[in-house]
């Protein structure tokens, strides 16, 4: 049982590191063209009333980190921050769910017996 736990942990760490490499190194080369939903909205005129949102000036707006001189580094850092945030939230949820399942279930008892 212990070997399985270690191998799963190794695989998860490997996948996390691969995600860091992809987000930090390859995200700069992602297409800047609009995705399908944005393209259809533009083609059909659904985005005519589009306006700026409240977090447009946030540090990670536009898939980049503001204040970093290099575009490549800015996008890479934003990708790494995203992977760490999502990984942390996911790991926290797994820990909470695991603890909840591991907690002993209360047995109903007959009061009058």
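More than 18 Å apart: what percent of Cα pairs in segment 59-103 qualify?
45 percent
Starting from the Cα-Cα distance between residue 28 and residue 99, subtract it from 0.36 nm times their residue separation and give me the gain in nm to one decimal. Numbers along the way, then the final one.
On the way: separation 71, 0.36 × 71 = 25.56 nm, distance 3.85 nm.
Between residue 28 and residue 99, full extension yields an extra 21.7 nm.
Simple spin-label model, 7 Å along Cα-to-Cβ: residue 17 to residue 66 in nm?
3.5 nm
Each reported figure results from applying straightforward, stated rules to the coordinates on display, with no laboratory input. Owing to the predicted nature of the structure, the values given are computational and were not obtained by experimental measurement. Methodologically, a virtual Cβ is constructed for each residue, glycine included, from the backbone with ideal geometry; neighbour enumeration extends over all protein chains shown.
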